[in-house]
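Visitor: Can you read through this structure? Questions will come right after.
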Amino acid sequence: MLWNKANAIDNSPVVPYTEQKSISTESTFSTDTIDVHRLRSILIAMVEKLTFKLRKEKKLTSCITVKIRYSNFDTETKQAHIPYTSSDQTLIKLALELFDKLYTRRMRLRLVGVRLSNLVHGHYQINLFDDTEEVIRLYQAMDRIKARYGSSALVRAIAMDVSRRVRMDMNMFRG
Amino acid sequence: MYLNCHTYFSFRYGTFSVEGLFDEARRCGVHKLALTDINNTSGYIEMLRICNQNRAEYNLEIALGIEFRSEGRLLYIGLAENNEGFEELNRYLSHHNTTGKPLLKRVPEFVHAFIIYPFEPASDTITPATLRENEFIGIRPGELTRLATSNLTRYMHKLVALAPVTFRNRTGFNIHRLLRAIDKNTLLSKLDPRDQAGEHEIMLPEKELVELYLRFPELLKNSRRLLTQCSIRFELGTDKNKANFTDSKRNDRELLMSLAMEGFDRRFDRYDHHARSRLFKELDVISSRNFESYFLIAHDIIRFAEHKNFAHVGRGSGANSVAAYCLRITDVDPIELDLYFERFLNPVRTSPPDFDIDFSWKDRDEVTKYIFEKHTPQHTALLGTHSTFKDRSLVRELGKVFGLPKPEIDTIVARPDQNRNRDHITRLIFRYADRMYSIPSHLSIHAGGVLITEKPIYAYTATNLPPKGFPVAHFEMHNAEDMGIYKLDILSQRGLGHIKDAAAFIKTNRGIKVDVNDFESFKKDPKIRNLIRRGKTMGCFYVESPAMRMLLGKLRCDNYITLVAASSIIRPGVARSGMMREYIHRHLNPDRYTSIHPKMDELMAETYGVMVYQEDVIKVAHHFAGLTLSEADILRRGMSGKYRSRKEFQQVKDQFFLNCKKRGYPQEVTDRVWFEIESFSGYSFAKGHSASYAVESYQSLFLKAHYPLEFMVGVINNFGGFYQTEFYFHEARMDGAEIEAPCINHSDHTTTIAGDTIYIGFIHLKSLETRIGKCIPEERSQNGDFKSLDNFIRRIPVSLEQISILIRIGAFRFTGKSKRELLWEAHLYFGKGKNTKYAVDLFNLELPDYRLPPLDHLPYEDAFDELELLQFSLCDPFTLLATSERGDTVAGELTKKTGKKVSITGYLVTIKNTYTKDGKLMHFATFCDRNGDVFDTTHFPPVAKRNPFRGHGFYMLCGKVVEDFGYPMIEVDRMDKMPMVHKEKPNARLRQGVV
């Protein structure tokens, strides 16, 4: 067999192997919206959900993309490359920054989405400067609860309404 | 205690109108407040006026100040202790506005003004210990809890209660947020809270305010003390203009007298007693009102203009004055035209007459500059005006703030009524649009008003420096008038430019020096009469539009007096009410019309009893209805839309009807007369004003009659005008000119004329860079004519794209080579990739002369190149018409075919859209026939709907010829667009030819 292989003879069936390249989520609204406060909370909820999934699958990401679609169907995205991470707080901060940079036109949105790509297997590297032992333990504890009771069991307060169903508030003056 | 109130003159910030703020103050029992608009002093005159007028109602005193903000952040609030303090603040703000330097974080020392810094000042150096005696720190109600724990409590005497007032209630707050979002060009929901005022900036009754500051009563005491120390005193309505032109009133009077007498000898016969006594009467009135300096300033401007050889036209009500005529401010003889003196100055009117002085658009800025230099920038400012949010623009802005995409906004704006209730967003937009209607949005510049004040201008206002480069005052026309500052209007127009340019062309081209001011002989000139009668007035100032041409045709106008009347009755109000028709009818049948009332005929004998001019309103009100002159003046002002108060106007109207009844006029006569008066609403001309325009028209007409080609070049080079440039060239061709495409050895940047040949200027090549257009004639005059394409490319830095434009328009036709050959050469020169190449070539090497295979030339190629580059073709447009169908008549024959059906091919000149009474679209259009003559058409709504216009080009028109007062028009029943010749793709053919 070794000889065969050395001579490039191999009769074993071809099994395609693909690895998941990215994970993403997006949400189209029932009515177009400009409620920025709400949009931000949706983004946070999305990132929370994705990062939990990431950690569950023991993966890390190095690229985050935010996508918006204006009410005239113009779709725009913006992405950022970062050191490998799966940390909520880094990615949430980044997602909001990207969103602020991306959403520049004075027009309603009909969709927002987040996508994490460049995935690799691995565990989170603790950042020497930013992470304290407390924070790490907090996240580990949160993940344990989520793992046990489902990912929507424990969320950030701002994202509380969002995880149910993306319903838009009608009051234009909120924000 | 309210040290910090904003009105909507804090542009795109405040929401209160002046009355709104006052009503709020009354509700809250406030008797003194400080108006501090943001970087602005626009509102205070209006405030003082309302305060004075309704003293009993509001019982309110105001103090003045300015809130200084830089990039939206509050720096400090300045409160004027007295008028000097106000001037200091104004000077400080103006200095920063005009120099463009940012406002200081810490103010310089003010002598008569108090400064209040916010709790969190912009600079760390502002601490209670470093505050000057007149500087304080303001504590807002929301900051009280933080105050309790801060070390500021040790400096209680330096703290004041600062409760800003910006809106009335929650709705007001929302309006404020919308305004901020519009200003910041962002979505409502993305508006940064730091860019908007706190939600609680509303006025509270005194008692509630005391409760808010319960823990620190001293703060309120301090601010109350501060407010009592501030007061401001202005006497509204007294003359605040530059008092003396020379050093004293006496010298002014003597100077004016001597200038007027000198002018009188020039203008009139020495022994003309009638004119002389009128002049003396006027001088008496001028002197008793102290208007000498006003006249002398105007005269000085004219003197400067004459010295600089700038043409001018003086108009406005000042044109009704003999004194102004003698001083050469105006050019119409008030005696000859029998201009109504009371329109010029009436005993009850305290304001001086307006002088509107027009200059050519090229000269105006220099005149303005002279005024600023002569009277020093300290005392001079342009008049401002407040642009307000109006229907469409407001809906558009709100649409953007609520995040609607542009196409949606377009549909909402186009059909507001259908979309009002479309969804909750449009409902919101319209609800707030109604509330925000006519809130001022920004300060802009009045069309021409210049203010010259006795005290420095900063005593009354701060100034901004718009891009035009002259400081502009913060208040607008009515404020200025209330205050007692009267404007001089220095306006710009294009007519004077073309007259001056045409005269210059005549001098260089024909060597004839024409005197465009020899008005007396123009009036008798048969050639001018002929021109007006035939309606050949294209290009002539004020009389070139199709409507005017038609009117002149109907009036069979051929003299000056009729032209003066025509320029007034063409105004929309008069034209619409049917008085235009009435006038034409009476003019044509002077002895066969039924007059409204003998008194009307007597008053307006010259215009057959029809009210034509603005002063006719005064005449009728005074003599016919027996109103006093001041009431009549209110009526006139009301008519021109300058309502001071609707109430006052209504009173005068009632008085009018009452008087008429008393005088025993039948009701229908009174109604009819009132109807005529009403039709003057909007904008109508004083007779002197019309006459000034007519003089200028005559100058244009004179030039057109005798030197049509030079005249047309003048018109073309001044741009503007009613028609597109194409038709001015067309008109010149009809007058016998040879029109040549731009040529690098003949054309200048602008259009030029040599003999009968007109060379189109490079400026008309839309895609050619201006730099190159200016560079070509310069280089030519320095180093001689260009010898070849190669020679040109070596001398002028130019890219392949730009040289192609010149080649395609035929600018190199002198070389004798075809366009295609030249294009080959150019491509060869630039080679591949290198687009620009320019270096002074030492040896002037000629390129090798390649022999090109024969290249074919397509028919119409030149015409299409011209169409593309100049937007019109130089050949007769009818050669581009694909079919030979030309209809059965031409424009010249229409008069003979009245009532008959005709068909005619026309080249579209201009369309005027209008709406019938029930809101349906209809058109009036003007076309050019195959001989180049113009004719007019009417398209009633059914036709307009069935056969709409489809752009520039040729149309086949079928319809009936109708005559209105002898002027023929075609009532179109059917219109079809006709095809142009097919343009073959030159590139495809070119390739075939070469391969």
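Visitor: Under 5 Å between amide hydrogens, which residues at least 5 positions from B:Phe475 or on another chain qualify, with H placed 1.01 Å from N in the peptide plane?
Guide: B:Gly384
Visitor: In what order do B:Ser690, B:Ser630 fall by count of nearby beta-carbon atoms within 10 Å, going from fewest to most?
Guide: With the sparsest Cβ surroundings first, the list reads B:Ser630, B:Ser690.
Visitor: Computed FRET efficiency, Cβ-Cβ of B:Asp434 and B:Arg576, R0 30 Å: what is it to the nearest 0.05?
Guide: 0.60
Visitor: Mind checking the range B:111-218 for trypsin sites (Lys or Arg not before Pro) that DSSP puts in a loop (not H, G, I, E or B) and that have at most 12 other Cβ atoms within 10 Å?
Guide: B:Arg132, B:Arg215
Visitor: If we count chymotrypsin sites (Phe, Trp or Tyr not before Pro) as exposed when they sit in a DSSP loop and have at most 11 other beta carbons within 10 Å, what is the longest stretch of chain B that avoids them all? Write out the running numbers ahead of the final one.
Guide: Values: sites that count: B:Tyr271, B:Phe843, B:Tyr850.
My reading of the result: B:272-842 is the longest stretch.
Visitor: Turning to a different aspect of this structure: Would you mind getting me the FRET efficiency between B:Thr628 and B:Arg415? Use the beta-carbon distance for r and R0 = 51 Å, nearest 0.05.
Guide: 0.60
Visitor: Okay, moving on. With contacts defined as alpha carbon pairs under 8 Å and 6 or more residues apart, what's the relative contact order of the range B:25-114 in percent?
Guide: Answer for the range B:25-114 is 26 percent.
Visitor: Hand me the GluC sites (Glu not before Pro) from the range B:1-78 located in a DSSP loop with no more than 15 other Cβ atoms within 10 Å, in residue order please.
Guide: On the way: sites: B:Glu19, B:Glu24, B:Glu46, B:Glu57, B:Glu61, B:Glu67, B:Glu71; in loops: B:Glu71.
In loop regions of the range B:1-78 (DSSP not H, G, I, E or B), the sparsely surrounded GluC sites (Glu not before Pro) are B:Glu71.
Visitor: Also, I was wondering about something else. Starting from the Cα gyration tensor of the protein assembly as shown, take the square roots of the eigenvalues, sort them a ≥ b ≥ c, and report rounded, prolate or oblate (rounded when a/c is under 1.5, otherwise prolate if a/b is larger than b/c, else oblate).
Guide: Verdict is oblate for the protein assembly as shown.
Visitor: Further, regarding this structure: For B:Leu236 and A:Gln140, what is the calculated FRET efficiency with R₀ set at 51 Å and r taken between the beta-carbons, to the nearest 0.05?
Guide: The calculated FRET efficiency here is 0.10.
Visitor: Here's a follow-up. Convert each backbone phi in the range B:489-494 into a coupling constant with the Karplus relation 6.51 cos²θ - 1.76 cosθ + 1.60 (shift: θ = phi - 60°), then list the ³J(HN,Hα) values in order as whole Hz, x for Gly and Pro.
Guide: 9, 10, 10, 10, 8, 9
Visitor: Projected onto the charge dipole of chain B (+1 at Lys/Arg Cβ, -1 at Asp/Glu Cβ, origin at the Cα centre), which of B:Thr670, B:Val617, B:Ala323 gives the Cα projection farthest towards the positive end?
Guide: Looking along the dipole axis, the top candidate is B:Thr670.
Visitor: Which of the GluC sites (Glu not before Pro) found in the range B:173-277 are loop residues per DSSP with 16 or fewer other Cβ atoms within 10 Å of their Cβ?
Guide: Working: sites: B:Glu199, B:Glu201, B:Glu206, B:Glu208, B:Glu211, B:Glu218, B:Glu235, B:Glu254, B:Glu262; in loops: B:Glu199, B:Glu201, B:Glu235.
Hits after loop and neighbour filter: B:Glu199, B:Glu235.
Visitor: Give me B:Cys540, B:Cys660, A:Cys63 ranked fewest to most by other Cβ atoms within 10 Å of their Cβ, as a rough exposure proxy.
Guide: Neighbour counts put them in this order, fewest first: A:Cys63, B:Cys660, B:Cys540.
Visitor: For a quick check: with amide H placed at 1.01 Å from N, whose amide H comes under 5 Å from B:Ile739's, ignoring anything fewer than 5 positions away on the same chain?
Guide: It is B:Ile758, by chain and number.
Visitor: Right, next: Using the count of nearby Cβ atoms within 10 Å as a rough guide to exposure, how do B:Met436, B:Met156, B:Met600, B:Met922 rank from fewest to most?
Guide: Listed from fewest to most nearby Cβ atoms, that is B:Met156, B:Met922, B:Met436, B:Met600.
Visitor: For B:Ser441, enumerate residues with amide H under 5 Å from its amide H, sequence gap 5+ or separate chain, H modeled in the peptide plane.
Guide: B:Ser387, B:Thr388, B:Phe389
Visitor: For helix A:88-102, report the angle its Cα long axis makes with the longest principal axis of the Cα atoms of chain A; keep it between 0 and 90° and round to the nearest 10°.
Guide: On a 0 to 90 degree scale, this one is about 60.
Visitor: Within the range B:859-898, find all residues whose amide N lies under 19 Å from a label point positioned 7 Å from the Cα of B:His952 along Cα-to-beta-carbon.
Guide: B:860-882
Visitor: If you don't mind, another one. Along the Cα-to-Cβ line of B:Lys960, 7 Å from the Cα, sits a label point; which residues in the range B:567-587 have backbone N less than 15 Å from it?
Guide: Counting only backbone N, you get no residues.
Visitor: When only Cα pairs under 8 Å and 6 or more residues apart are kept, what is the percent relative contact order across chain A?
Guide: Answer for chain A is 34 percent.
Visitor: Tally Lys and Arg at +1 and Asp and Glu at -1 over the other residues with C-beta under 14 Å from the C-beta of A:Tyr139: what net charge comes out?
Guide: -1
Visitor: With a cut-off of 8 Å between alpha carbons and a minimum separation of six or more residues, what is the relative contact order of chain B in percent?
Guide: On the way: 1646 pairs, mean separation 81.8, N = 995.
Over chain B, the number comes to 8 percent.
Visitor: Going by a ≥ b ≥ c, the root eigenvalues of the Cα gyration tensor, does the range B:564-663 fall in the rounded group (a/c under 1.5), the prolate group (a/b larger than b/c) or the oblate group?
Guide: oblate
Visitor: Output ³J(HN,Hα) for the range B:915-921: one whole-Hz value per residue in order, computed from phi by the Karplus curve 6.51 cos²θ - 1.76 cosθ + 1.60 with θ = phi - 60°, and x for Gly and Pro.
Guide: Working through the residues one at a time gives 10, 6, 4, 8, x, 9, 6 Hz.
Visitor: Now for a separate question. Each label point is 7 Å from the Cα along the Cα-to-Cβ direction; what then is the distance between the points at A:Gln20 and B:Asp888, in nm?
Guide: My value for the distance between the label points is 8.3 nm.
Visitor: Which entries in B:Lys281/B:Lys599; B:Lys599/B:Lys917; A:Lys49/A:Lys93; B:Lys619/B:Lys653; B:Lys369/B:Lys468 show an alpha-carbon gap greater than 21 Å?
Guide: Long pairs (Cα-Cα over 21 Å): B:Lys281/B:Lys599; B:Lys599/B:Lys917.
Visitor: ³J(HN,Hα) across the range B:881-897 via Karplus (A = 6.51, B = -1.76, C = 1.60, θ = phi - 60°), whole Hz, x for Gly/Pro?
Guide: Karplus-based 3J(HN,Hα) across the range B:881-897 equals 7, 5, 9, 9, 4, 10, x, 10, 8, 10, 4, x, 8, 4, 4, 7, 10 Hz.
Bear in mind these aren't lab numbers, they're just calculated from the coordinates by the rules spelled out. Note that the structure is predicted; figures quoted are calculated from it, not measured. All Cβ positions, even for glycine, are placed from backbone atoms using ideal geometry, and neighbour counts span all protein chains on display.
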